[in-house]
Amino acid sequence: MNTEEKSNENLSNGWQILPLFEIAKVCYGKAKPKIQGEIPVIGSGGIYGFTEKPLVDYETIVIGRKGSAGATYYCEKPSYPSDTTFYLEWKRKVDVPFVYNFLKFQSLVSDNSVIPSLQRETVENF
């Protein structure tokens, strides 16, 4: 019996323990556009501006990758993750608030450097 099978044997029917890359694509955010609007721009530290068009028009989770690396933000409505973040593009139907709450209480960053950062591969394999 492999590790995943052992981990899954105590779960209720239909639940599995999977690495994040199996349920979502980890995407890089983009630089904040100059045009103002009503769509929140989310950086590693949270909302810091607004723009006209969303980068993401679906429910997602934004994860800080620089500065406040590992900080997570739940976005129920369209948003614009900035270039200091990752966002998740779903490969499967998931309970996004559940995934958010799980990630929120995890330590995604084990680095104690002066300027913490998070690598894409670390998030994908979490």
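Considering every residue within segment 79-98, establish whether at least one is assigned to a helix (DSSP H, G or I), open to solvent by 20 Å² or more (accessible area, probe 1.4 Å) and under 23 Å from GLN16 (Cβ atoms). Within segment 79-98 (the criterion being assigned to a helix (DSSP H, G or I), open to solvent by 20 Å² or more (accessible area, probe 1.4 Å) and under 23 Å from GLN16 (Cβ atoms)), the answer is yes, since at least one residue qualifies.
Can you spot a residue in segment 41-49 that is open to solvent by 60 Å² or more (accessible area, probe 1.4 Å), at pLDDT 95 or above and closer than 23 Å to LEU18 by Cα? No. In the set (1) hydroxyl-bearing (Ser, Thr, Tyr); (2) touching a strand residue (DSSP E or B) at 6+ places or on another chain (Cβ under 8 Å); (3) open to solvent by 50 Å² or more (accessible area, probe 1.4 Å), SER107 fails one condition alone, (2).
Can you work out which of the residues in segment 54-78 that are modelled with pLDDT under 95 and assigned to a loop (DSSP other than H, G, I, E, B) is nearest to TYR28 (Cα to Cα)? Among them, the one singled out is ARG65. In this entry, ILE35 passes the filter for residues that are among the hydrophobic types (A, V, I, L, M, F, W, C) and without any contact (Cβ under 8 Å) to a residue 40 or more places away in the chain. All conditions in (1) hydrophobic (A, V, I, L, M, F, W, C); (2) in contact with a helix residue (DSSP H, G or I) (Cβ under 8 Å, 6 or more places away or on another chain); (3) at pLDDT below 95 hold for PHE86, with the sole exception of (3). Here is the figure for segment 17-36: residues that are assigned to a loop (DSSP other than H, G, I, E, B), over 16 Å from TYR87 (Cβ atoms) and of a type in the set (D, E, K, R) total 1.
The values are calculated or read from the model by the stated rules, or taken from the named source; none is laboratory data. All values derive from a computational prediction rather than experimental measurement. A quick note on method: Cβ atoms are made from the backbone with ideal geometry, for glycine too, and the neighbour counts reach across all protein chains shown. For accessibility, only protein heavy atoms count, side chains too; no ligands or nucleic acids. Shrake-Rupley method; radii C 1.70, N 1.55, O 1.52, S 1.80 Å.
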